[in-house]
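Every number here is computed from the coordinates shown, using simple stated rules; none is lab data. These numbers come from a predicted model, not from an experiment. Counting neighbours? That spans all protein chains shown, and the Cβs are built from the backbone with ideal geometry, glycine included.
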Amino acid sequence: MRMFSIPMELEGEERTFGGVATIRQVVYVVATLIVTVSVHFLLKLLAVSMVINIFICTPLLMLGMCLAFIKIHEIKLDKYILLLVRYHLRSRAFILKGDD
C-alpha cells in the first residue's frame, strides 16, 4: 500500500500554542503587554495622573489585541493596514482618453 504525505493546512498559519493561537498572535500579545507595561511605569515615574495613564495605556492595549486577532475580509489587520498604506502611497497614472 502506497503512503502519501498530506499537508495539514495550506491556507492559514499553524496554531501552535494549545491549538488556539499562532506564533504571530502570541508575539503581538507579548509585545503589546511589554509596551503597555513599560509606558505605564514610565508615566507613573513622571507622576502622571492614573486617569491619564489609563487613557494612554488602554488604546495601546486595544491596538495590539486588534492587530493580533482581527481579520477584515479574511486578511489579517496588520497586513490589511500595510496594503492600505501602500495603496495610498503608490504613484498613479491617469490616462486621458478621447471620445470613442
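Would you calculate a helix-derived [θ] at 222 nm for the chain, using -39,500 (n - 2.57) for each DSSP H run of n ≥ 4 and dividing by the full residue count, to the nearest 500?
Theoretical 222 nm ellipticity from helices: -19000 deg cm²/dmol.
Within the chain, which whole H helices from DSSP have a Cα span along their axis of at least 24 Å and a mean Kyte-Doolittle hydropathy of 0.0 or more, if any? Display every interim value, and only then the final one.
On the way: long enough: 23-45 (33 Å, 1.72); 50-69 (28 Å, 2.24).
Membrane-span-like by this criterion, though nothing is claimed about a membrane: 23-45, 50-69.
Pick out which of Leu43, Leu89, Leu67 has the largest mean-square fluctuation in a Gaussian network model of the chain, springs linking Cα atoms closer than 10 Å.
Result: Leu89 has the largest fluctuation of those listed.
Based on DSSP loop calls and a cut-off of at most 12 other Cβ atoms within 10 Å, the longest stretch of the chain free of exposed trypsin sites (Lys or Arg not before Pro) is what? List each step's numbers first, then the result.
Details: sites that count: Arg2, Arg90, Arg92, Lys97.
After excluding every exposed loop site, the longest remaining stretch is 3-89.
Most exposed first by the Cβ proxy, i.e. fewest other Cβ within 10 Å, how do Tyr80, Tyr87 rank? Show your work: numbers first, answer last.
Details: Tyr80 16, Tyr87 9.
By the 10 Å Cβ count, ascending: Tyr87, Tyr80.
Amide H neighbours of Val48 under 5 Å, counting only residues 5+ apart in sequence or on other chains, H built in-plane at 1.01 Å?
For Val48, no residues qualify.
I want to check the label-to-label distance for Phe4 and Ala31. Put each point 7 Å from Cα in the C-beta direction and report it in nm to one decimal.
Modelled inter-label distance: 3.9 nm.
Looking at the range 58-100 from every direction and averaging, what is the projected area of its Cα convex hull in nm²?
Numbers: hull surface 20.6 nm².
Hull-based average projected area comes out at 5.1 nm².
For the chain, which semi-axes, largest first and in whole Å, follow from the square roots of 5 times the eigenvalues of its Cα gyration tensor? Mind showing how you got there, number by number?
On the way: eigenvalues 268, 192, 16 Å².
Semi-axes from the Cα gyration tensor: 37, 31, 9 Å.
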